[in-house]
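Working notes, structure below.
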Amino acid sequence: MKGVGSFPCKDVIPDTVNNAKNVRELYDLSKDQAGTYSVPVLWDKKEKVIVNNESSEIIRMFNSAFNDISKHPELDFYPEKLREEIDKVNDWIYHDFNNGVYKSGFAKSQEAYEEAVTNVFKALDRAEEILSKSRYLVGNQLTEADIRFFVTLVRFDEAYAVYFKCNKKRTVDYPNVLNYTRDLYQTPGFAETVNMYHIKTHYFTSHPVLNNYAIVPVGPGFEGTLKEKYDRDRFK
């Protein structure tokens, strides 16, 4: 396709269940005719169907639905006593930040862009204030709200600040948010989900309308910053 670059696949985990070469093959195998080939995908190996492809629902399912075979069934990222507060945080994080960067990046008018990008940074300002007083978004306990926030934060400086024109500030300009992101990145299980090469090549080569020649920026090396020391353990 014109305008889309060609990059070598590296560090790619193969599909050892169906030997699918891409996500579309899974949708075809599942006989899903909707035409939107999105990730993540929760796959049923026995029935050979897609059980779910909505991240907010999958994360909730993984929290408890598979406890009988989980290595750490004691972990609970949606504890009953915090659910109301978690839901409230999830709401503004999703609308203003997770989805906000997309509304900014794909805006088709200056007015729509400025409204979206303003809300993106209102969300970051709000998070900075919360994280100046507590280790996590909901008190001092890691919850699904933090996981949902992290997936956009870890991509922000490398992709969204540049590609989606969210360049008023960067994560590194928010002291508490930056140290919080380092804290999460260095928590077992988080870093393994981050492959910055995959993230950047996906974004910068997937939308010819935004980046016709599929040029991938070389900087800024945000993942290296995440390996530095953090101060979040000051909260008990």
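The values are calculated or read from the model by the stated rules, or taken from the named source; none is laboratory data. A quick note: this is a predicted structure, and the numbers were derived from the prediction, not measured. Please note: Cβ atoms are built from the backbone with ideal geometry, for glycine as well, and neighbour counts cover all protein chains shown.
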Kindly establish whether Lys133 is assigned to a loop (DSSP other than H, G, I, E, B) and either polar (S, T, N, Q) or surrounded by fewer than 16 Cβ atoms within 10 Å (Cβ to Cβ) (or both).
yes
Quick one: what pairs do we get from region 64-76, first residue without any contact (Cβ under 8 Å) to a residue 12 or more places away in the chain, second part of a helix (DSSP H, G or I), C-beta under 7 Å, 6+ apart or different chains?
none
Applying the selection to region 217-228, what residues are of a type in the set (A, V, I, L, M, F, W, C) and exposed (fewer than 15 other Cβ atoms within 10 Å of the Cβ)?
Val218
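So which residues in region 15-27 are exposed (fewer than 12 other Cβ atoms within 10 Å of the Cβ) and either more than 30 Å from Glu74 (Cα to Cα) or of a type in the set (Phe, Trp, Tyr) (or both)?
Residues satisfying the conditions are Asn19, Lys21, Asn22.
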Restricting attention to region 215-233, which residues are more than 13 Å from Ala159 (Cα to Cα), modelled with pLDDT of 90 or more and not aromatic (Phe, Trp, Tyr)?
Gly224, Thr225, Leu226, Lys227, Glu228, Lys229, Asp231, Arg232
Cross-chain or 6+ apart pairs with Cβ under 8 Å, region 137-162 first and at negative phi and at pLDDT below 95, then assigned to a helix (DSSP H, G or I) and buried (at least 22 other Cβ atoms within 10 Å of the Cβ):
none
Which of the residues spanning region 140-159 are touching a Ser or Thr at 6+ places or on another chain (Cβ under 8 Å), under 21 Å from Phe204 (Cβ atoms) and not hydrophobic (A, V, I, L, M, F, W, C)?
Asp157
Could you please find all residues in region 28-60 being assigned to a helix (DSSP H, G or I) and exposed (fewer than 14 other Cβ atoms within 10 Å of the Cβ)?
Asp28, Ser56, Glu57
Check on Lys103, more than 15 Å from Val177 (Cβ to Cβ) and assigned to a helix (DSSP H, G or I)
yes
Looking only at region 5-39, filter to residues that are out of contact with any His (no Cβ under 9 Å at 6 or more places or on another chain) and β-branched (Val, Ile, Thr); which one of those is modelled with the lowest pLDDT?
Thr36
Collect the residues in region 108-118 that are part of a helix (DSSP H, G or I) and surrounded by fewer than 19 Cβ atoms within 10 Å (Cβ to Cβ), keeping them in residue-number order.
Gln110, Glu111, Ala112, Tyr113, Glu114, Glu115, Thr118
For region 152-198, which positions are in a helix (DSSP H, G or I) and surrounded by fewer than 16 Cβ atoms within 10 Å (Cβ to Cβ)?
Val172, Asp173, Pro175, Ala191, Glu192, Thr193, Tyr197, His198
Inspect region 90-106 for any residue being more than 26 Å from Val162 (Cβ to Cβ), out of contact with any Lys or Arg (no Cβ under 7 Å at 6 or more places or on another chain) and without any contact (Cβ under 8 Å) to a residue 60 or more places away in the chain and give the result as yes or no.
yes
